[in-house]
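One structure below.
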Amino acid sequence: MDISRSSAAGITITLFQAQGSSSLTIADLLSNVPDDDELLSVDLGGATDADVERVWQAMSLGRGSLPAGPVATNPRLEKFANHFMARVVAVLPGQNLSFKGAVLTIVAGANFVVTHHVDDIDFLADMRVREPETVCDIGCLGEASFVAALLDWHLSTYFSAVALFEVEIERLESRILSDKPPGRSALPELCALRGAASRLRRMLAPHRVVFDGLSRPDFVPDGAEEVARHLRDLDDRYERALDVVENARELVVGSFQLFSTQTELQTNERMKLLTFVTVVTGLLAVIAGALGMNFEADFFGLKTTGFWTAVGVMVGLGVTSVLVGRRRGWL
């Protein structure tokens, strides 16, 4: 049993069987037609347009599903005479939540699945290096079920992206609630988080045409109830992924409300301090004004002693006010 895989010019061709798997080349495609208990997987990761053309000719696929040349980025599902094509966009996480889309084109027919992508996609790489004992699980799948598995992994990239997003939200909220809040410096981070959530939403929402189309009764031949169930479950998982992405946008709104509330609390604390200082200063101004009134009083005969007595009374009153304010929690 040969379970090795070889990649030449960005092409990996694997024939999955119940007993294991074997590697093939483009030349082998003409002479190796997979049986019903086999599954032929052709991964065109960064292959040249010429090699893609050779694979399409060797497998007698229509040019309508050919992903050569500039590949469109809009999700698409189309059914042909002997195969169907699904184009989706997976998420490649980057630094500072700069999510990037990786276009994945999946073409499937009788006992074969072809995947084409320019960027490296982790779940495809993980599938190529699976343990030999688990390889036979893929060989037991039909082409539609294998496509369902690929699309499920594709949706997992969105769940993973939202998980990273939630970690950044928690970090920002912890800073907002800390003893030294970030103040207005949190606004650029909130804007970046809002942009990341919106980008995820724009990337995932157009996939409805793919997942709704796969779950239609006319897409799966009669009698393939198990496959139809897989595709219906996949549509449900898409709806959950869309809800999770929508929730990410709500998390940003909640973080902004938390930021606004914290800012209001800081403003209220400053206003309390200013109000207290104003009251104390006004009280001292009343005393100073009373001492400046134009009438003869015995107190003014004290001269220098009277001046320092008045200053001492005002200082004592100020200190007493501060102590009372601290004890009552006004400061």
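The values are calculated or read from the model by the stated rules, or taken from the named source; none is laboratory data. Only a predicted model underlies this, so the values are computations on that prediction, with no experimental measurement involved. When we count neighbours, we look across all protein chains shown, and the Cβ atoms used for this are built from the backbone with ideal geometry, even at glycine.
Looking at segment 93-100, is at least one residue closer than 23 Å to ASP152 by Cα, at pLDDT below 85 and out of contact with any helix residue (DSSP H, G or I) (no Cβ under 9 Å at 6 or more places or on another chain)? So far as segment 93-100 goes, yes, one or more of its residues are closer than 23 Å to ASP152 by Cα, at pLDDT below 85 and out of contact with any helix residue (DSSP H, G or I) (no Cβ under 9 Å at 6 or more places or on another chain).
Let's see how each residue does on (1) at pLDDT 75 or above; (2) within 19 Å of HIS83 (Cα to Cα); (3) charged (D, E, K, R):
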position: SER7; (1), (2), (3): no, no, no
position: GLN19; (1), (2), (3): no, no, no
position: ASP35; (1), (2), (3): yes, yes, yes
position: ALA47; (1), (2), (3): yes, no, no
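Residues in segment 21-71 that are among the hydroxyl-bearing types (Ser, Thr, Tyr) and more than 15 Å from PHE112 (Cα to Cα): 1 in all.
Taken residue by residue, segment 162-174 has no member that is part of a loop (DSSP other than H, G, I, E, B) and in contact (Cβ under 8 Å) with a residue 24 or more places away in the chain.
Considering only residues that are of a type in the set (Lys, Arg) and in a helix (DSSP H, G or I), look in segment 181-219 and name the one that is farthest from LEU231 (Cα to Cα). Step through it out loud before you land on a result.
Taking segment 181-219 and keeping what is of a type in the set (Lys, Arg), we get 184, 194, 199, 201-202, 208, 216.
From what's left, in a helix (DSSP H, G or I): 184, 194, 199, 201-202, 208.
Values: ARG184: 47, ARG194: 32, ARG199: 26, ARG201: 22, ARG202: 23, ARG208: 13 Å.
Per the criteria, the residue is ARG184.
Only one of the numbered conditions (1) surrounded by 14 or more Cβ atoms within 10 Å (Cβ to Cβ); (2) modelled with pLDDT of 75 or more is not met by SER260, and that is (1).
Applying a threshold of 7 Å to beta carbon distances and a minimum spacing of six or more residues, or different chains, the list of pairs starting in segment 70-94 at a residue that is in contact (Cβ under 8 Å) with a residue 60 or more places away in the chain and ending at one that is surrounded by fewer than 15 Cβ atoms within 10 Å (Cβ to Cβ) and of a type in the set (Lys, Arg) reads LEU92/LYS100.
Determine if segment 198-206 includes at least one residue that is without any contact (Cβ under 8 Å) to a residue 12 or more places away in the chain, exposed (fewer than 15 other Cβ atoms within 10 Å of the Cβ), out of contact with any helix residue (DSSP H, G or I) (no Cβ under 7 Å at 6 or more places or on another chain) and over 17 Å from GLU166 (Cβ atoms). Write out each step before concluding.
First, the residues of segment 198-206 that are without any contact (Cβ under 8 Å) to a residue 12 or more places away in the chain: 202.
From the residues that got through so far, the ones that are exposed (fewer than 15 other Cβ atoms within 10 Å of the Cβ) too are 202.
Filter again for out of contact with any helix residue (DSSP H, G or I) (no Cβ under 7 Å at 6 or more places or on another chain), leaving 202.
Restricting the remaining residues to those that are over 17 Å from GLU166 (Cβ atoms) gives 202.
Within segment 198-206, one or more residues are without any contact (Cβ under 8 Å) to a residue 12 or more places away in the chain, exposed (fewer than 15 other Cβ atoms within 10 Å of the Cβ), out of contact with any helix residue (DSSP H, G or I) (no Cβ under 7 Å at 6 or more places or on another chain) and over 17 Å from GLU166 (Cβ atoms).
GLU246 meets all of the listed conditions (1) farther than 30 Å from SER321 by Cβ; (2) in contact (Cβ under 8 Å) with a residue 40 or more places away in the chain; (3) surrounded by 18 or more Cβ atoms within 10 Å (Cβ to Cβ) but one, namely (3). The strands (runs of 3 or more DSSP E) found entirely in segment 38-124 that carry 1 or more residues being under 20 Å from the mean Cα position of the chain (by Cα) and of a type outside the set (D, E, K, R) are 83-92, 100-109. Against the criterion of being over 29 Å from ASP179 (Cβ atoms), modelled with pLDDT of 75 or more, of a type in the set (Gly, Ala, Ser) and outside the structural domain of LEU177 (by TED's automatic domain parsing), GLY282 qualifies.
Identify, please: which residue in segment 72-86 is out of contact with any His (no Cβ under 6 Å at 6 or more places or on another chain) and more than 12 Å from GLY109 (Cβ to Cβ) and is, among those, surrounded by the most Cβ atoms within 10 Å (Cβ to Cβ)?
So in segment 72-86, the residues out of contact with any His (no Cβ under 6 Å at 6 or more places or on another chain) come out as 72-74, 76-86.
Those still in the list that are more than 12 Å from GLY109 (Cβ to Cβ) too: 72-74, 76-78, 86.
Values: ALA72: 11, THR73: 13, ASN74: 10, ARG76: 17, LEU77: 19, GLU78: 14, ALA86: 25.
Residue satisfying both the conditions and the ranking: ALA86.
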